[in-house]
Structure formats: C-alpha cells, structure tokens
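The values are calculated or read from the model by the stated rules, or taken from the named source; none is laboratory data. These numbers come from a predicted model, not from an experiment. Reconstructed Cβ throughout: ideal geometry from the backbone, glycine too, with neighbour counts over all protein chains shown. For accessibility, only protein heavy atoms count, side chains too; no ligands or nucleic acids. Shrake-Rupley method; radii C 1.70, N 1.55, O 1.52, S 1.80 Å.
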Amino acid sequence: MKELSKQQIKSQETKAKIFSAAKHILQKKGYEGLSIKNICEEAGVSNGSFYHHFKTKDDLLSYYIEEQPAIDPGFLKLPESAEEAVLAIVFVYLNYVQYCRELGVEFMANYYTPKNQSLNPLIRTERPYPIVTVHDYMKKCMDAGIFSSHLSLEDMTADIRMIVIGNVFEWCLKSGNADFERNMKRSLETYLHGALLWPPAEKGKKNPLSKRS
C-alpha cells in the first residue's frame with residue numbers, strides 16, 4: 001500500500017480529534033447539545049478546519065457511520081442461490097451491528113434522531129454504506145436471475161433500512177441489553193424469506209426460502 005504523506009496523516013488526525021470531541025459531547029449532552037462551535041472548542045481546532053473536512057455536524061456523524069469496516073468483496077460475489085444471498089445480506093448487517101457496538105450505545109442513540117437529517121434518504125445524496133452495499137448486491141442478484149421479488153428493489157431497500165433502524169433503536173432503548181445480533185439476524189431473515197422468490201421463472205411454485213410448511 002502507498003504510504004500516507006505527512007499532510008494526509010495530519011488530516012486523519014484532525015478528523016479523529018473532531019469525531020472524538022463530537023462523541024464526547026453526544027455522550028454528555030445529547031444531540032441537542034452538539035454544535036460545530038462546541039465541537040471545535042472540545043477538539044481544539046478552528047471552524048475553518050472543521051468545514052475543510054465536513055459540511056455539517058450531521059455530515060460528521062454520517063461519515064463515521066459510512067466508514068465502518070468494509071466487507072471483503074469476495075464475500076459479496078454472485079451467489080449460487082437465493083439462500084446464499086440471504087446469508088450475505090444478513091452478514092453485511094451483522095458487521096454493522098459490530099460497528100454500532102464499537103461506537104457505543106450513547107453515540108448511536110443520539111445519531112438515530114429525527115433531527116439528524118443525514119438519515120433522511122430524500123435529502124441525502126449518499127445513503128449509509130450498508131444500504132448502498134445491499135442495494136447494489138441485490139440488483140446484481142436480480143439481474144443474474146438468482147432471485148426475484150414481488151416488491152421493487154427500491155421498496156426492499158427501504159424496508160431493510162427501516163428494519164435496521166428499528167433494531168438499532170431497540171438496542172439503544174434497552175441501553176445495550178437487547179440481543180442485538182440475534183434480533184437483527186432474525187428480523188432480516190424473516191423479511192427476506194418472505195420478499196424473495198426463487199427461481200424467478202417458476203411463478204406459482206413454492207418458495208424454498210419460506211420456512212412455512
């Protein structure tokens with residue numbers, strides 16, 4: 001890998017300081033107490049430095065959600081069956097669950113607020129990393145005939161986003177005492193087993209993904 005320049009290293013350090021300050025303020029004062037002014041004061045950086053890296057405070061929070069550890073591209077190669085696709089989609093969000101744990105309950109509870117406009121898919125130009133990854137993966141599977149659905153790709157993406165937000169909210173509501181991984185896995189599998197059809201050409205036949213007899 002190419003070595004980072006001193007300027008790039010300094011830039012990363014500044015970003016980390018800004019985020020650390022924002023995280024500390026969120027934990028102590030909540031989203032209402034978060035402002036660019038107090039983030040800069042806490043981090044010991046100028047307003048200009050903040051705006052060099054981020055457009056808004058919501059942009060700052062979203063950056064660290066989107067920058068979660070990426071999935072190995074090999075894991076998201078074209079699957080051989082719809083069941084393999086379900087496993088891959090669930091894996092993406094279990095990876096997200098782990099990242100939420102690393103960021104902490106306080107951060108996530110204050111991130112998932114209606115006042116955080118970066119969560120609004122109608123306003124954002126880019127959606128958080130897991131949603132983009134799963135949307136593109138499902139499109140690839142549908143184009144290849146791995147599965148089809150009675151729902152549109154956009155509707156499925158929106159449904160999955162709401163399921164994920166609900167699981168994060170439940171985990172935060174219970175102060176981290178909910179079975180985050182199990183709940184995320186169960187709810188996504190249940191939804192996907194009902195939404196995906198395999199194979200797409202054999203309409204009217206029983207869906208082998210369904211757990212119903």
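Tabulated results
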quantity	calculated
For Ala178, residues with placed amide H under 5 Å, excluding near neighbours	none
Å² per residue, accessible surface of the stretch 17-167 at 1.4 Å	49
Accessible surface of Asp72 - all protein chains present, 1.4 Å probe, nearest 10 Å²	100
The stretch 1-69: GluC sites (Glu not before Pro) in DSSP coil with no more than 15 other Cβ atoms inside 10 Å	Glu3, Glu67
For the stretch 1-118, alpha-carbon Rg relative to the globular expectation (2.2 N^0.38 Å, N residues)	1.28
Cα-Cα over 22 Å, subset of Lys57/Lys139; Lys37/Lys57; Lys55/Lys140; Lys57/Lys140	Lys57/Lys139; Lys55/Lys140; Lys57/Lys140
